[in-house]
1. Can you order the peptides 302-312, 353-363 by their average number of other Cβ atoms within 10 Å per residue, highest first?
2. Which whole-Hz couplings ³J(HN,Hα) result when phi for each residue of the stretch 438-447 is put into the Karplus expression 6.51 cos²θ - 1.76 cosθ + 1.60, θ = phi - 60°, listed in order with x for Gly and Pro?
3. With semi-axes √(5λ) of the Cα gyration tensor in Å defined as stated, name the option among (i) 63, 30, 21; (ii) 43, 28, 20; (iii) 39, 27, 25 computed from the structure displayed.
4. At 222 nm, what value in deg cm²/dmol follows for the chain if DSSP H runs of at least 4 each add -39500 (n - 2.57) and the sum is divided by all its residues, to the nearest 500?
5. Can you list residues whose amide H is under 5 Å from Val467's amide H, if they're 5+ apart or on another chain and H is modeled 1.01 Å from N?
6. Apply the Karplus curve 6.51 cos²θ - 1.76 cosθ + 1.60, θ = phi - 60°, to the phi angles in the stretch 212-229 and return the couplings in whole Hz, x for Gly and Pro.
7. Report the net charge of residues surrounding Ala396, where surrounding means a beta-carbon distance below 13 angstrom and charges are Lys +1, Arg +1, Asp -1, Glu -1.
8. Residue by residue through the stretch 77-89, which ³J(HN,Hα) values in whole Hz follow from phi under the Karplus form 6.51 cos²θ - 1.76 cosθ + 1.60 (θ = phi - 60°), with glycine and proline marked x?
Amino acid sequence: MSEGAPAADHAPLLQATGLSKSFGGVRALDGVSFDVVGGEVHGLLGANGSGKSTLIKILAGYHHLEAGTVSVRGEAVPLPMDPGRPQKLGISFVHQDLGLVPSLSALENFLLGKIATTRRGLRMSWRRERAAMLEVLDRYEIELDPRQLVRDMRPVDRALLAIVRAVDGPGRITGAAQRLVVLDEPTVFLPRAEVARLFALVRRVASSGSSVLFVSHDLDEVREITDRVTVLRNGQVVLTGATARLSDDDLVEAIVGAKVSVSAFYRRHQASPSGAAIEVSRLNAGAVTDVSFTGHAGEVIGLTGLLGSGYEDVVRALAGAIPVRAGRLRIGGGTVELSAWTPARALARGVVLVPGDRLIEGAVASLPVTDNMTMVRLHDFVKHGLLSRRAMTGRAAELAEAYDVRPRDPRLLFGQLSGGNQQKVVLAKWLQTCPDVLLLHEPTQGVDVGARQQIFATVRAAAGDRVAVCASSDHDQLARLCDRVLILRRGQIAAEISGVELTKARITEECLRSSRERAAS
């Protein structure tokens, strides 16, 4: 275990000592102690079920604490915290869903806290509030249109709005200069190219004297943005230290609980392609223009590029999720015109898509695991004109066992599962249909290092006698998982990487080369 003490000239903004919490006899937190000092970005890591979520919910006042103490700026905080107490103490939370209302404008979302606490009958000057918001945005060097509806904003702009509101929004009650902002997987649904903008804001927040508790599964992001890191495993702190002094192997060993080489952990399988399984000809859709490629049985093909290059549009078009202007797909001995392609026709021809945003596009969070797993095969469970819930639950239990979904109880709501287990459910749902083509978009977003390896293995097994196409901005993932990677630039294939040259560094180099070529043209 590596020890990491706060710098001598920085007092702890938050100090937790001996935090313990159990659920039904299971110890979720067991004597957890850690601190966050002023002006630092502190990473919180751990596998699914390690206790991260329980710890955050205790800080938010959602869970009662069985034992332990919490101090903010050196003063003990009575526990459990009452609702609203964390905000009064200067602690704000930005979760994966961001807490924004899509149908409202950026300004209205920014003012939600103030609107909620304004006495009835008092009028609000929208012109003055808009000017105040622009002043805050300017302070953090962010350009947003206060009038734009959140649903029309880019994902990164939504995240920036949520963070700025948490740090400096008018709804915050405390006047304390130092604040603690808890960011729970803030980059999980962001394109890799947009993460830099969010990180720039995080650094500005820390440089102002406030602190950030950054919860993530992504080791590269943790290494890039954090000053110190704390790792939880089985409800206990197993490592705390300065990020710069810890290797990836150190972090993986702490998370997993065994000494594992990162390179071995993500060992890529080299396929031996047989005949062509699919042939895409002159695809035109979204930002894509005249893209053609062939996929072989047993092969995993990667697609990537810079933001706006169109690599994401390829898998969406092949799944019928976006309109196709022109193009052909040769599959199963026949050829189809993609201009008439629809999701229903894609499914009928054995083409399925596992979308990047599993909560919005991949599943129904408010339904049980059973319903999410079986919804694409409901006809299997109809007997005498009635739907058999018992048969549905039985199938879901079998799939949960086969794909190692934890907990095994298929009656749990999908939204109650961790990110890695949610992704296993979505994969199980589609793979039970035995598709000929498996399309993947960011398949391991928000997934811990252990579940990530399981998903890699699942995808490799699925590609045994079919083709898989993976669109991702995660270059390390592509290098570990794929047999070939196609780099897109301006909607067209600019490079292809395979064999010994298929490395994270080479993929990144080709993407940046595409950027330089675009700037020079």
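1. Details: 302-312: 24.0, 353-363: 20.4.
Packing order, densest peptide first, comes out as 302-312, 353-363.
2. Couplings: 9, 9, 10, 10, 6, x, 10, 5, x, 10 Hz.
3. Looking at semi-axes √(5λ) of the Cα gyration tensor in Å for this model, the match is (iii).
4. Result for the chain: -9500 deg cm²/dmol, rounded to the nearest 500.
5. Amide H neighbours of Val467: Gly298, Leu438.
6. Whole-Hz 3J(HN,Hα) from phi for the stretch 212-229: 10, 9, 9, 9, 7, 9, 8, 5, 4, 5, 4, 5, 6, 10, 9, 8, 9, 9.
7. Details: positive: Arg377, Arg389, Arg390, Arg395, Arg408, Arg411, Lys424, Lys429; negative: Asp371, Asp380, Glu398, Glu401, Asp409.
Here the count lands on +3.
8. Karplus-based 3J(HN,Hα) across the stretch 77-89 equals 10, x, 10, x, 6, 6, x, x, 5, x, 5, 5, 7 Hz.
Just so you know, all these numbers are worked out from the coordinates, no wet-lab data involved. Quick caveat: nothing in here was measured; it's all calculated off a predicted structure. When we count neighbours, we look across all protein chains shown, and the Cβ atoms used for this are built from the backbone with ideal geometry, even at glycine.
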